[in-house]
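> What follows is a single structure, and I will ask about it in a moment.
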Amino acid sequence: MLTIALPKGRLMDKVLELLAEAQIIDSKELCEQSRKLIIEDPKANFRYILAKPIDVPTYVEHGVADLGVVGKDILIESERLVYELMDLGIGKCRMIVAVSDQSNLNEVKELGFSAKVATKYPNITTSFFRSHGIQSEIIELNGSIELAPLVGLADAIVDITETGTTIRENGLRIIGEVFPISARLIANHVSYKLHYKKLQDIQEKLEGVVQC
């Protein structure tokens, strides 16, 4: 029985729809209507672990799950040793740099030495600003990142956005893009070798329905 780690939250419905369309699960309601954290599908010979998105790469890296679905942002930030098999073309958004509407900054390169940047993604943010020659001071927050520039806690934020509406509604504007994001199919290194044919079959089924 292969184990797949799925992300709870806003991405779950899209993932289940994709798995159902690829005929990997019989129906997306399999996991949707359950409060269990582990769900078995004996008919298809799959076990599903429903986990917080940030934890999915950890379960896959340690072999608790053979496969997982996770956003590119979390995959890069977590720095877990897993195989990235494919872009699933769902959960599309982008990671951006934003400042207060009251700021006179218009480009990332205008941020000064030791600029204060608030984010949930310290590893990505540090790497991004270093690539622009900016030694930023990272202020790690877990929620309401948009608040940081408005109260003077940070000069800018690095966060994800789908449409930019939340950014604008909170008095911020985008001055740069870090990278585009979408959900990825990942695999455990050992599982990929031991169950190569099974995992390849799953990947091919998904490739048949994915629209990137």
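> Residue by residue through the range 113-126, which ³J(HN,Hα) values in whole Hz follow from phi under the Karplus form 6.51 cos²θ - 1.76 cosθ + 1.60 (θ = phi - 60°), with glycine and proline marked x?
Once θ is set to phi - 60°, the couplings for the range 113-126 become 4, 6, 4, 8, 10, 9, 6, 9, 10, x, 5, 5, 5, 4 Hz.
> Expressed in nm to one decimal, what extension gain is obtained for the pair residue 140 and residue 168 from 0.36 nm per residue of sequence separation less their Cα-Cα distance? Please list the in-between numbers first.
Working: separation 28, 0.36 × 28 = 10.08 nm, distance 2.15 nm.
Working it through step by step, the gained length comes to 7.9 nm.
> Using the structure shown, select from 72/197; 36/197; 52/92; 8/92 the pairs with a Cα to Cα distance greater than 20 angstrom.
On the way: 72/197 25 Å; 36/197 29 Å; 52/92 18 Å; 8/92 16 Å.
Where the Cα-Cα span goes over 20 Å, the pairs concerned are 72/197; 36/197.
> Under a point spin-label approximation (7 Å from Cα along Cα-to-Cβ), what is the residue 86-residue 205 distance to one decimal in nm?
My value for the distance between the label points is 1.1 nm.
> In addition: Under 16 Å Cα-Cα from residue 116, which aspartates and glutamates qualify once same-chain neighbours fewer than 8 residues away are excluded?
List returned: 107, 137, 140, 146, 155, 159.
> Then there's this: With Rg and the Kirkwood Rh both taken from Cα atoms, where does Rg over Rh land for the range 93-181?
Values: Rg = 11.4 Å, Rh = 12.6 Å.
Here the Rg-to-Rh quotient is 0.91.
> From zero outward in steps of 5 Å, how is the percent of C-alpha pairs of the range 1-81 spread across the bins?
Pairs per bin, as whole percents: 3, 16, 28, 27, 17, 8, 2, 0.
> Out of (i) 1.04; (ii) 0.93; (iii) 0.96, which label holds the value of Rg/Rh (Cα atoms, Kirkwood Rh) that was computed here?
Correct label, based on the coordinates given: (i).
> List the aspartates and glutamates whose alpha-carbon lies under 12 Å from that of residue 198, not counting same-chain residues fewer than 8 positions away?
Leaving aside aspartates and glutamates fewer than 8 places away in the same chain, those within reach of residue 198 are 66.
> Using the Cα centre of the range 93-181 as the reference point, and only Cβ charges (+1 on K/R, -1 on D/E), how large is the resulting charge dipole? Debye, rounded to the nearest 20. Intermediate values should be presented prior to the final figure.
Details: 7 positive and 11 negative charges, 31 e Å.
Its charge dipole is roughly 140 debye.
> Same structure again: Placing +1 on the Cβ of each Lys and Arg and -1 on the Cβ of each Asp and Glu in the chain, which of 179, 53, 124 has its Cα farthest towards the positive end of the resulting dipole?
53
> In addition: Could you name the lysines in cross-link range of residue 193, using Cα to Cα under 22 Å and dropping any fewer than eight places away on the same chain?
Within the straight-line limit of under 22 Å, residue 193 reaches these lysines: 205.
Readers should treat all values here as calculations from the given coordinates under stated rules, not as data from a laboratory. Remember, it's a predicted structure, so these values are computed and weren't measured experimentally. Ideal geometry is used to build each Cβ from the backbone, glycine not excepted, and the neighbour counts take in all protein chains shown.
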